[in-house]
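Data block below; observations after.
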Amino acid sequence: MSPIRVLDRSVAERIAAGEVVDRPASAVKELVENSLDAGARTIGVEAEGGGLRLIRVTDDGCGIPAAEVPLAFERFATSKVATIEDLCAVRSFGFRGEALPSIAAVGRVTLTTRTPDAGEAARIVVRGGVTESLTVHGAPPGTTVEVATLFFNTPARLKFLKSPAREQALIADVVQRAAMAHPEVTFRLVLDGREAGYWPRASAEARVADLLAGGDARVMIRLDEELPGGRLTGWLGRPERSRPHRTGQYIFVNRRPVHSSLLRKAAEQGYAQLLPAGRFPILAVFLDLDPASVDVNVHPRKLEVRFRDESNLFGAVARIVRAALLASPLVRAVPASPLPPAGAGSSGVIEYAGPRLMDSGPLPLVVGTREPQPEYSPAAARLLPTLRPLGQFLNTYVLAEGPEGLYLIDQHAAHERVLYERLMSGLRRGRVASQGLAVPLTVDVTPAQMALVTGHLDRLGMLGYQVEAFGSRTVLLRAVPALGGGNPPDALLRRVIGAMAEEAEEDRLLERLAITTACHTAVRAGDRLAQEAVAALLADLATTEDPYTCFHGRPTIVAVPLRQLERWFLRE
Ligand code: ADP
Ligand code: MG
């Protein structure tokens, strides 16, 4: 690194002021970032008593030349930027020269550091901003910073802290976020003398899977796309790994962990309809942009960033996330059941080679059908595996055989998805085809409903409804969307009028009405389906853009993997 200098006042004043160290975890964050800036390959973090008794960060980075050690504790002393131009192109984590002096102002800091070519280490002790000693010690190359009695001279600050356990958790979170973005660095976290985490150098994928998915990379979907002025990479959790809160969301800009509601919302928008309300995806998303198009200097702890072109960025991120999700097979597998009892399974008693699915000829049919069904594999099917319908179960689920094993399809959810996409593609082309009623039907409405209907005749027409006022309290229904549903058209129109009244946002109205139409036209649970209807449903589902979920975010299809079946029958 370049020598440490005190920044010019003009530069210093451009730097966002503010409290850098508001709690132990923010001291840890600053120290870990210093270690990363120093090119460390191994970083150890220890904390005791929630970080108030002790924080120790050890690295094997470049160290500080002995002569510069006192300077590191002066305000605005940094080796990382010198001019305002530098400030616009920061790649390092630190650049304000504020961390060490701020921490030393409110605690007792012992920094021991040795550059690779120095024979011994320099050690400085600074307490409450006052240098207590400067000595020479034996130590390996690298830097160790110990912070003891944090906030000893600011009792007011202590009142804002949470319990030691909570502060400890925040420290762990800081270290995990740093580890997520720096798989090439080994991290070790020790809390109150116990190892709380050890992440040896790994590939980015292995590191993310380790931190986010219990080591199981298969639940993650890879993201890697160019976007205007940068690149978006990372991993998206499969929808079934969603959580009821946002704890599993990690967002980085130029490898800096950030709270960006813009990016978070964009990513979540990419999951639209893939998750039910109140569920949040897990994800680790890395946005790399030209430093000149990001301002990291808007928040004292650099947790927030500002982008030059926010609306384009939002759209690009949402689109990329959506495309990655829709391009990967998202059929949910039933969760693994407990292992079979001891003694069963691979004891050698049960010899079983297992059938080879799809090439072993038709299996015996399960329910509903007597004749083997033709395999269905339309040219347009991009995502859904080839499925052979077996029949209907409880008149609610379609059973099918496919490459993973047994598939269950929720007939209502699947049909809803098919009809919804058909309506939306009709709307994109201009209007949805209508199907005239042999005899027009009348629907009684309130004056408020009449106003809604007459005010939206054009929208209803686009969706395939032909409606007209018939007196002041009755509307006449002449045609409905041509979707081939068997449900009473007047009941359908009543639902649509109800949805019109509920949707407050005018520009979401068409989609809302399409959803209502699909929902109340689709076959229901309990409807008995003819064989051809079952086959047609699978064929139609395979051609949808998102065959895996209905628009409420519920799955349309789940798989019972053959492995799982064999386990249930103690065949493995
Ligand atoms: P900043 O990181 O903003 O430059 P700091 O107060 O955090 O400011 O650190 C001041 C300077 O001390 C840094 O610019 C760097 O030169 C040096 N320094 C701090 N920590 C380390 C470390 N772990 N290894 C090597 N140099 C360090
Ligand atoms: Mg720093």
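The values are calculated or read from the model by the stated rules, or taken from the named source; none is laboratory data. What you are looking at is a predicted structure, and each value in this text was computed from that prediction instead of being measured. No Cβ is skipped: glycine too gets one built from the backbone with ideal geometry, and neighbour counts run over all protein chains shown.
For region 510-534, give me each residue that is of a type in the set (Asp, Glu) and part of a loop (DSSP other than H, G, I, E, B).
Within region 510-534, ASP527 is the sole residue that qualifies.
Restricting to region 519-532, give me the number of residues that are hydrophobic (A, V, I, L, M, F, W, C), more than 35 Å from the chain's Cα centre (by Cα) and surrounded by fewer than 17 Cβ atoms within 10 Å (Cβ to Cβ).
1
Quick one: how many residues across region 30-57 are assigned to a helix (DSSP H, G or I) and more than 20 Å from PRO101 (Cβ to Cβ)?
Selection size over region 30-57: 2.
Sort out which residues of region 169-215 are hydrophobic (A, V, I, L, M, F, W, C), in contact (Cβ under 8 Å) with a residue 24 or more places away in the chain, within 18 Å of ALA47 (Cβ to Cβ) and in a helix (DSSP H, G or I), and write them in order of number.
LEU170, ILE171, ALA172, VAL174, VAL175, ALA178, ALA179
Looking at region 535-571, which of its residues are over 18 Å from GLN411 (Cβ atoms), part of a loop (DSSP other than H, G, I, E, B) and touching a Pro at 6+ places or on another chain (Cβ under 8 Å)?
LEU570
Any residue that is closer than 24 Å to LEU274 by Cβ and touching an Asp or Glu at 6+ places or on another chain (Cβ under 9 Å) - is there at least one of those in region 463-482?
For region 463-482, residues closer than 24 Å to LEU274 by Cβ and touching an Asp or Glu at 6+ places or on another chain (Cβ under 9 Å): absent.
Counting only residues that are in contact with a helix residue (DSSP H, G or I) (Cβ under 8 Å, 6 or more places away or on another chain) and within 14 Å of ligand 2 (Cβ to nearest atom), which one in region 36-57 is modelled with the lowest pLDDT?
Of everything passing the filter in region 36-57, LEU36 is modelled with the lowest pLDDT.
Only one of VAL398, VAL418 is out of contact with any strand residue (DSSP E or B) (no Cβ under 7 Å at 6 or more places or on another chain) and either outside any loop (DSSP other than H, G, I, E, B) or hydroxyl-bearing (Ser, Thr, Tyr) (or both). Can you tell me which?
Being out of contact with any strand residue (DSSP E or B) (no Cβ under 7 Å at 6 or more places or on another chain) and either outside any loop (DSSP other than H, G, I, E, B) or hydroxyl-bearing (Ser, Thr, Tyr) (or both) holds for just one of VAL398, VAL418, which is VAL418.
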